[in-house]
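Student: Take a look at this one; I'll ask things after.
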Amino acid sequence: MEALGDLLAPHSELIAKVAGTITTLQFLSGVVLMNDIRKKGSSDVYPVGPFLFGVVLTILSLKLANIMNDAAMINTNLIGLVINFVFLFGFYYYASSASRSKIWKQIGYSSVFLLVITAYANFEDPAKIEFRLGMLITGILVWMVGSPLLHLPKIIEKKSTEGMPFPIIFAGNLVALSWTLYAISIKNTVMVLQNLLLLVLGGIQLSMFAIYPNKPAAKKPKDSKKDK
């Protein structure tokens with residue numbers, strides 16, 4: 001990795017700009033998923049996690065950006081927060097009554113979590129909270145990328161990736177790859193390992209799309225009894 005780091009080091013600033021641009025575009029990857037939901041007229045088959053976690057993640061990232069006084073990070077996450085709120089509203093709009101109650105429950109849990117973390121960040125030593133909040137954000141990213149794998153047995157059983165948000169998963173892999181290259185260029189081992197983990201989790205999910213179709217397999221009609 002040292003040799004690759006030396007090779008990428010002169011281009012670290014350019015790589016950072018590309019990674020930032022891809023991250024911003026990732027926020028818009030949910031447009032394709034929302035269009036599929038609109039066509040189906042229901043969001044029940046999809047998990048609300050990507051949009052809800054997107055809101056949580058951008059709020060926490062905004063808090064971290066304020067602590068770091070990083071203007072570029074603040075602007076990127078403000079855009080991401082607005083986009084994820086719009087997507088979350090659209091997801092809720094197309095949800096059934098039964099699913100809406102579950103969504104509200106998840107929103108409630110997420111709100112309490114954000115209040116606790118924000119209150120802690122306001123009272124903790126800024127030098128300590130920067131590292132701890134960064135690790136927390138990494139944990140949420142790992143959960144966001146890896147959570148669809150909880151449905152892996154069901155996917156194998158149905159032989160279908162229906163319900164898996166391909167655009168979001170694919171965009172997430174591009175983001176992880178770009179930040180991995182940047183981390184290598186600045187020789188930040190922790191950041192390299194974090195993004196490599198995200199790449200592995202995302203790669204497993206992408207392999208499911210290569211193995212199974214996005215539509216459920218057609219059920220074979222039962223053999224009709226022949227007339228005697």
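Student: Among the residues of the range 177-185, is any more than 15 Å from the chain's Cα centre (by Cα) and exposed (fewer than 14 other Cβ atoms within 10 Å of the Cβ)?
Tutor: No, the range 177-185 contains no residue that is more than 15 Å from the chain's Cα centre (by Cα) and exposed (fewer than 14 other Cβ atoms within 10 Å of the Cβ).
Student: Consider residue 156 carefully, then state whether it is surrounded by 15 or more Cβ atoms within 10 Å (Cβ to Cβ) and over 20 Å from the mean Cα position of the chain (by Cα). It would help to see each step written out before you state the result.
Tutor: Numbers: surrounded by 15 or more Cβ atoms within 10 Å (Cβ to Cβ): no; over 20 Å from the mean Cα position of the chain (by Cα): yes.
Spelling it out, it is not the case that residue 156 is surrounded by 15 or more Cβ atoms within 10 Å (Cβ to Cβ) and over 20 Å from the mean Cα position of the chain (by Cα).
Student: Before we move on, is residue 141 closer than 15 Å to residue 56 by Cβ, modelled with pLDDT of 90 or more and open to solvent by less than 80 Å² (accessible area, probe 1.4 Å)? Before you say what the answer is, go through the steps one by one.
Tutor: On the way: closer than 15 Å to residue 56 by Cβ: yes; modelled with pLDDT of 90 or more: no; open to solvent by less than 80 Å² (accessible area, probe 1.4 Å): yes.
Spelling it out, it is not the case that residue 141 is closer than 15 Å to residue 56 by Cβ, modelled with pLDDT of 90 or more and open to solvent by less than 80 Å² (accessible area, probe 1.4 Å).
Student: Same structure again: Where the second residue is charged (D, E, K, R) and the first is at pLDDT below 80 and lies in the range 4-28, which pairs have Cβ atoms under 8 Å and are six or more apart or on separate chains?
Tutor: Matching pairs, first to second residue: 5/187.
Student: Still on this model: Given the structure, is residue 110 surrounded by 14 or more Cβ atoms within 10 Å (Cβ to Cβ), in a helix (DSSP H, G or I) and small (Gly, Ala, Ser)?
Tutor: Numbers: surrounded by 14 or more Cβ atoms within 10 Å (Cβ to Cβ): yes; in a helix (DSSP H, G or I): yes; small (Gly, Ala, Ser): yes.
Considered against the rule, which asks whether it is surrounded by 14 or more Cβ atoms within 10 Å (Cβ to Cβ), in a helix (DSSP H, G or I) and small (Gly, Ala, Ser), residue 110 comes out as yes.
Student: Of everything in the range 186-209, what is open to solvent by 20 Å² or more (accessible area, probe 1.4 Å) and farther than 30 Å from residue 91 by Cβ? Give them in sequence order.
Tutor: Listed by number, the residues that qualify are 186, 187, 188, 189, 190, 191, 193, 196.
The values are calculated or read from the model by the stated rules, or taken from the named source; none is laboratory data. Remember, predicted model here, so these are calculated numbers, not experimental data. Every residue, glycine among them, receives a Cβ derived from its backbone with ideal geometry; neighbour counts consider all protein chains shown. Side chains included, ligands, DNA and RNA excluded: accessible areas come from the protein's heavy atoms. Shrake-Rupley method; radii C 1.70, N 1.55, O 1.52, S 1.80 Å.
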